[in-house]
Amino acid sequence: QVQLVESGGGLVQAGGSLRLSCAASGRTFSSASMGWFRQAPGKEREFVAAISWSGTRTYYADSVKGRFTISRDRAKNTMYLQMDSLKSEDTAVYYCAGESRGSFAEAGQYEYWGQGTQVTVSS
């Protein structure tokens with residue numbers, strides 16, 4: 001059974017940092033692109049960042065560019081999202097997604113999803 005498990009969420013003050021992890025089990029994602037999405041209350045799930053299977057290419061939503069950094073450790077089958085200079089508008093449930101079959105920024109293109117981790121940024 002394939003599982004993606006996020007961790008590292010929590011409550012942080014504006015301007016602070018958090019590091020999210022997404023640990024995969026049940027299969028290797030070393031040859032698959034992976035991504036992070038988030039969903040705030042009353043809003044649709046939105047793209048945050050994505051990383052190619054090799055880790056050499058990364059993509060970011062304009063709203064997080066320059067503040068968030070996506071990375072992966074293929075040997076550990078784990079993906080990360082370093083979030084710095086957090087803002088109140090970053091408050092959301094963050095989901096990791098594995099194996100995009102098309103556009104990396106479209107949630108519907110990913111086959112596997114984690115259960116999500118809450119990030120709350122207080123102003």
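The values are calculated or read from the model by the stated rules, or taken from the named source; none is laboratory data. Here the structure is a predicted model, which means the values were calculated and not measured. In this analysis, Cβ positions are derived from the backbone assuming ideal geometry, glycine residues included, and neighbour counts consider all displayed protein chains.
Quick check on this structure: which one of 21, 52, 30, 7 is within 16 Å of residue 100 (Cα to Cα), touching a Ser or Thr at 6+ places or on another chain (Cβ under 6 Å) and in contact (Cβ under 8 Å) with a residue 12 or more places away in the chain?
Within the list 21, 52, 30, 7, the selection yields 52.
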*Of all residues in the range 14-44, how many are polar (S, T, N, Q) and closer than 22 Å to residue 61 by Cβ?*
4
_I'd like the full set of residues that are within 13 Å of the chain's Cα centre (by Cα), of a type in the set (Gly, Ala, Ser) and under 23 Å from residue 28 (Cβ atoms), limited to the range 72-99._
97, 98
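Please give the strands (runs of 3 or more DSSP E) falling wholly within the range 15-123 in which 2 or more residues are surrounded by 14 or more Cβ atoms within 10 Å (Cβ to Cβ) and not hydroxyl-bearing (Ser, Thr, Tyr). Give the derivation first.
Numbers: elements: 18-25, 34-39, 46-51, 58-60, 68-73, 78-83, 92-100, 110-113, 117-122.
Hits in the range 15-123: 18-25, 34-39, 46-51, 68-73, 78-83, 92-100, 117-122.
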*asked:* Can you report the number of residues in the range 1-14 which are modelled with pLDDT of 95 or more and touching a Lys or Arg at 6+ places or on another chain (Cβ under 8 Å)?
replied: 2
*Scan the range 1-14 residue by residue and report those that are within 12 Å of residue 112 (Cβ to Cβ) and either loosely packed, with under 13 Cβ neighbours inside 10 Å or over 14 Å from the mean Cα position of the chain (by Cα) (or both).*
1, 2, 3
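Condition check ((1) closer than 18 Å to residue 121 by Cα; (2) at pLDDT below 95) across all residues:
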| site | (1), (2) |
| --- | --- |
| 49 | no, no |
| 56 | no, yes |
| 69 | yes, no |
| 86 | yes, no |
_Within the range 107-121, does at least one residue satisfy the condition of being farther than 20 Å from residue 24 by Cβ, modelled with pLDDT of 95 or more, in contact with a Leu (Cβ under 7 Å, 6 or more places away or on another chain) and hydroxyl-bearing (Ser, Thr, Tyr)?_
yes
